[in-house]
Amino acid sequence: MSAPSQPSVSSDLDYSRPMLGIGFKIASVSVFVAMSTLLKATDDIPVGQLVFFRSFFAIFSILFYLWWRGQLQGAFRTKEPASHVWRGLVGVSAMFCSFFALTKLPLPESVAINYASPLIAVMLSAVVLKEFVGIYRWSAVFVGLIGVLIVIWPRMSIFTTGQIGQEEAFGALAALTGAALAAVAMVLVRRLVKKERTSTIVIYFTLTSTVAGFLTLPFGWVMPNLHQLIMLICAGLAGGIAQILLTESYRHAPMSTIAPFEYTSMVLSLIIGFLIFGDIPTVTMLIGSAIVMMAGIFVILRERKLAIPPQKSNSPQTIP
């Protein structure tokens, strides 16, 4: 799941082929959903171990891509080591929360709650980065967060009725916490991209999350069987490939053009959740998800109308 990644800022941008950019975006979303499906299907693998495999094997895909693009040399050179540390700690915390939620909630529900991230990022942009946010976008954020509340409220009923499992309630809270942390990571990345190359940001985050996942080894890793091991490795490789596809998508179309296609992940997660995990979406989940998606699309279209630079568009993002 999902959590923030940034498009590559490069001199070879070519916005003359927007359909190609849209195609890369949809492919990226599809592979990210496949990654989440693989992680969820591993069953009983500790969250820290999921983070490690997701991050470690993604490194190979990312390094190959940087080599192919001729960007590998100097990718590790940085003038902002402390900023990378903070970005890494926040980002990996979001990943832990997101993966924990993924193990406790139906796939579509976990995806829907993650859509709160770009909405929270709008709020943080106004407060932290001092970006101007008008009444229309504030209204969209407010409506979108109501949609998130509609999605998670049935899970919170345990505190009043005890009708659902406690693990599901904690999963919903973890998903919302992960979305908030991912929004903070977006703000940190926005500051970093002013001084650092995107390849450097991605590499250091991937290394940070790999180390963080490995440090959980003493807290209860399990020996995966062959089937689980294959799924874990494929999930890591898929995460790296999805990041590459995402980066390529932003080379061929502005973020405001392709960002709405992030919401195809809801359709895919509903289909996969039903076919593979037997998840049947509730009416409240569908209503809340629709509200969040409409609010997010409104924010994107509003920013496009105001001609806000693409790198500042608050689209749903995925942790690299």
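The values are calculated or read from the model by the stated rules, or taken from the named source; none is laboratory data. The structure displayed is predicted, hence computed values, not measured ones. Cβ atoms come from the backbone with ideal geometry, glycine included; neighbour counts cover every protein chain shown. When the accessible area is computed, the model is the full protein with side chains, heavy atoms only, and any ligands, DNA or RNA have been set aside. Shrake-Rupley method; radii C 1.70, N 1.55, O 1.52, S 1.80 Å.
Taking chymotrypsin sites (Phe, Trp or Tyr not before Pro) across the range 96-148, the ones in a DSSP loop with at most 14 further Cβ atoms lying within 10 angstrom of their Cβ are Phe132. Listed by chain and number, the lysines placed with their C-alpha closer than 29 angstrom to that of Lys40 are Lys25, Lys104; residues fewer than eight positions away on the same chain are left out. Here the range 263-303 has 84 percent of its accessible surface on carbon and sulfur atoms, given a 1.4 Å probe and all protein chains in place. Legend: residues Arg197, Arg304, sorted from most to least accessible area (1.4 Å probe; ligands, DNA and RNA excluded), read Arg304, Arg197. Split the accessible area of the range 85-182 by element, probe 1.4 Å, and carbon with sulfur accounts for 73%. All other residues whose Cβ lies under 12 angstrom from that of Phe277 are scored, Lys and Arg at +1 and Asp and Glu at -1, for a net of -2. Only protein heavy atoms count here; under a 1.4 Å probe, Glu196 has an accessible surface of about 20 Å².
Pairs of Cα atoms nearer than 8 Å and 6+ residues apart set the relative contact order; for the chain it is 44 percent. Estimate the FRET efficiency between Val267 and Lys194 by the formula 1/(1 + (r/R0)^6), using the beta-carbon distance for r and 45 Å for R0, to the nearest 0.05. Approximately 0.80, to the nearest 0.05. Each other residue within a Cβ distance under 10 Å of Ser28 adds +1 if Lys or Arg and -1 if Asp or Glu, for a net charge of -1. Using R0 = 35 Å, the C-beta based FRET efficiency linking Met223 and Ala82 works out to 0.40.
Each residue was assigned an accessible area with a 1.4 Å probe, and for Arg302 the value is about 60 Å².
Listed by chain and number, the lysines placed with their C-alpha closer than 30 angstrom to that of Lys79 are Lys130, Lys194, Lys195, Lys312; residues fewer than eight positions away on the same chain are left out. Its DSSP H runs of at least 4 residues, each contributing -39,500 (n - 2.57), put the calculated 222 nm mean residue ellipticity of the chain at -24000 deg cm²/dmol, to the nearest 500. Charged neighbours of Val184, selected by a Cβ distance under 12 Å, balance to +3 (K, R count +1; D, E count -1). Working value for the chain: equivalent-ellipsoid semi-axes of 27, 25, 18 Å, each the square root of 5 times a Cα gyration tensor eigenvalue, largest first.
Figure legend: label point modelled 7 angstrom from the Cα of Trp67 along Cα→Cβ; residues of the range 172-208 with amide N under 18 Å from it are 199-200, 203-204, 207. Each of Met186, Met293, Met123 has its accessible area taken with a 1.4 Å probe; listed largest first, they run Met123, Met293, Met186.
Take Glu168: with every protein chain present and a 1.4 Å probe, its accessible area is about 60 Å². Dipole of the chain computed with +1 at Lys/Arg Cβ and -1 at Asp/Glu Cβ about the Cα centre; of Ile150, Ala238, Phe76, farthest Cα towards the positive end is Phe76.
Between Val211 and Met294, the contour length at 0.36 nm per residue exceeds the alpha carbon distance by 26.1 nm.
Length gained on full extension, Trp153 to Phe60, computed as 0.36 nm times the residue gap minus the Cα-Cα distance: 29.5 nm. Helices of the chain meeting both criteria, an alpha-carbon length of 20 angstrom or more along the long axis and an average Kyte-Doolittle score not below 1.0, with helices taken as full DSSP H segments, are 18-41, 47-69, 135-156, 166-192, 198-214, 283-305.
Net length available on complete extension from Ser139 to Ile287 is 51.5 nm, with 0.36 nm assigned per residue and the Cα-Cα distance removed. The candidates Phe53, Phe298, Phe64, arranged from most to least accessible area with a 1.4 Å probe in the full protein assembly, appear as Phe64, Phe298, Phe53.
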